[in-house]
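Q: Could you have a look at this structure, given as structure tokens, before my questions?
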Amino acid sequence: MCEFITSGGLNGQLLPASLALEGALMRNALLRDLSSLPYHVSMTVDVRLIPPCCEHVLVNANDDVWQAWEAQIKNADAVWLIAPETAGVLHYLTQLAARQGKLILGCGLDSIKITSEKMATFLALEQAGIATIPTYTFEQWPKSHWRWLAKPNDGAGSSDAACFNNADDLQDWIVRNDKQHTHVIQPFQLGDSASISCVIKNGKAQLLSCNTQTIEINNHRLSYKGGVVNGMRQHWVKFECVANQIAEALPDLAGYVGIDMIVDHDTIIVVEINPRLTTSYVGLRESIGCNPAELIINTLTRPGFKWPKLQQNLVTIHV
């Protein structure tokens, strides 16, 4: 198992409190769920973020974390990777596991490559006829909308994203910070921020939860503050339909997938596809009334596995 932040991805660097918190929340929730299953779990751990349990190899400031990760993968039968799409980190880690012939409890390389880039995701969703937000390069940008967002093309979550109420201010920010070639631009979409947690295999999706998201904008910057797991359960049927459209469009999505959406009255608009665990996982066990890690592993490894009936309890997550 590898959770990028807590497993040493920033060893020797400043460790932002918000990233450390989210990473530790996901790591600890997954460790809790795996510890009740008949598996031996091992991981590398940033010396500043030692977990409450499990076998681990400490990563110090001067260690080669990629060498440590490769050694962990070599000694494992299966790997569960939680890493950002930024700079191709998740893709490269998955590639290391694939080269060694390991069972990957997650998405395939093709879908990771597409979903790691916002422009590629937009084009794939548009081609599949799935409602999404128009996405432009700086050169293509029409500047005709009243409110705009700029996001890193390969960023994860709200990292380095900015929102401005007019095109001139956004253009000034992009040029001043030299982001013409790193960022894409999208019109600000009105509606309620939501996400779904689902499990995908062979082009079919099973929903785990439908969640609200709390997104704050301060001084033009976006930040994720948490949400309510199953706080959007009233949209279950519509979300399930969209999840299956996405699973069909990107057939090597596998395992846990988080999908960010906007609900605008009766319209569901896809914002982003996360080919990995998301923070919503933290509240899943309490929300659905069973072990989500067990569901994910059984779905990926047991043909014809039948899901139990899930509860839909409301669980609040604060970040």
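No value in this document is a laboratory result; all are computed from the given coordinates. These numbers come from a predicted model, not from an experiment. All Cβ positions, glycine included, derive from the backbone under ideal geometry; neighbour counts span all protein chains shown.
Q: Pop the C-beta distance of Asn60 and Leu14 into the FRET formula with R0 = 22 Å and round what comes out to the nearest 0.05.
A: Using R0 = 22 Å, I get an efficiency of 0.90.
Q: Let me ask another. Enumerate the aspartates and glutamates that Lys102 could reach by cross-link, defined here as Cα to Cα under 18 Å, with residues fewer than 8 away along the same chain left out.
A: Lys102 reaches Glu3, Glu70, Asp77, Asp110, Asp252.
Q: Give me the net charge of Leu15's neighbourhood, meaning all other residues with Cβ under 11 Å from the Cβ of Leu15; Lys, Arg count +1, Asp, Glu -1.
A: Residues close to Leu15 contribute a combined charge of 0.
Q: So how tilted is helix 236-249 from the main axis of the chain? Cα-based, degrees 0 to 90, rounded to 10.
A: On a 0 to 90 degree scale, this one is about 80.
Q: Would you tally the net charge around Ser36, using a Cβ to Cβ cut-off of less than 15 Å, leaving Ser36 out, and scoring K and R as +1, D and E as -1?
A: -1
Q: Which whole-number percent is the relative contact order of segment 2-105 (Cα, under 8 Å, 6+ apart)?
A: So the answer I get is 29 percent.
Q: For the chain, find the longest principal axis of its Cα atoms and tell me its angle to the long axis of helix 167-176, 0 to 90°, nearest 10.
A: Between helix and principal axis, roughly 60 degrees.
Q: Compare the Cα positions of Val41, Trp66, Gly12 along the charge dipole of segment 2-105 (+1 at Cβ of Lys, Arg; -1 at Cβ of Asp, Glu; about the Cα centre) and return the one farthest towards the positive end.
A: Projecting each Cα onto the dipole axis, the largest value belongs to Val41.
Q: Once you put a point 7 Å from the Cα of Gln100 and another 7 Å from the Cα of Ala120, both along the Cβ direction, what distance in nm separates them?
A: 2.4
Q: Follow-up question, since we're still on this one. Amide H of Val59: which non-local residues (sequence gap of 5 or more, or other chain) have their own amide H closer than 5 Å, using H built in the peptide plane?
A: For Val59, the qualifying residues are Val45, Asp46, Val47.
Q: In a shell of Cβ-Cβ distance under 14 Å around Ser193, excluding Ser193 itself, what net charge do Lys and Arg (+1) and Asp and Glu (-1) give?
A: Net local charge, Ser193 excluded: -4.
Q: A further question follows. Considering Cα pairs under 8 angstrom that are at least six residues apart, work out the relative contact order of the chain and quote it in whole percent.
A: This gives 17 percent for the chain.
Q: Continuing with this model, one more query. How long are the three semi-axes of the equivalent ellipsoid of the chain, in whole Å, if each is the root of 5 times an eigenvalue of the C-alpha gyration tensor, listed from largest down?
A: 30, 24, 18
Q: Sticking with this structure for a sec: Dividing the Cα convex hull volume of segment 177-296 by residue count, how many Å³ per residue is that?
A: Expressed per residue, the convex hull around the Cα atoms of segment 177-296 is 123 Å³.
Q: Then there's this: What's the angle, to the nearest 10 degrees (0 to 90), between helix 17-35's Cα axis and the longest principal axis of the chain?
A: The helix 17-35 is inclined about 40 degrees to the chain.
Q: In debye, nearest 20: dipole of the chain around its Cα centre with unit charges on the Cβ of K, R (+) and D, E (-)?
A: 680
Q: Still on this structure, I have one more. Taking only the C-alpha atoms, wrap a convex hull around segment 1-63 and report its volume per residue in Å³ as a whole number.
A: Value for segment 1-63: 64 Å³ per residue.
Q: Mind pulling up the Rg/Rh value for segment 2-105? Radius of gyration and Kirkwood radius, both on Cα.
A: Ratio value, two decimals: 0.93.
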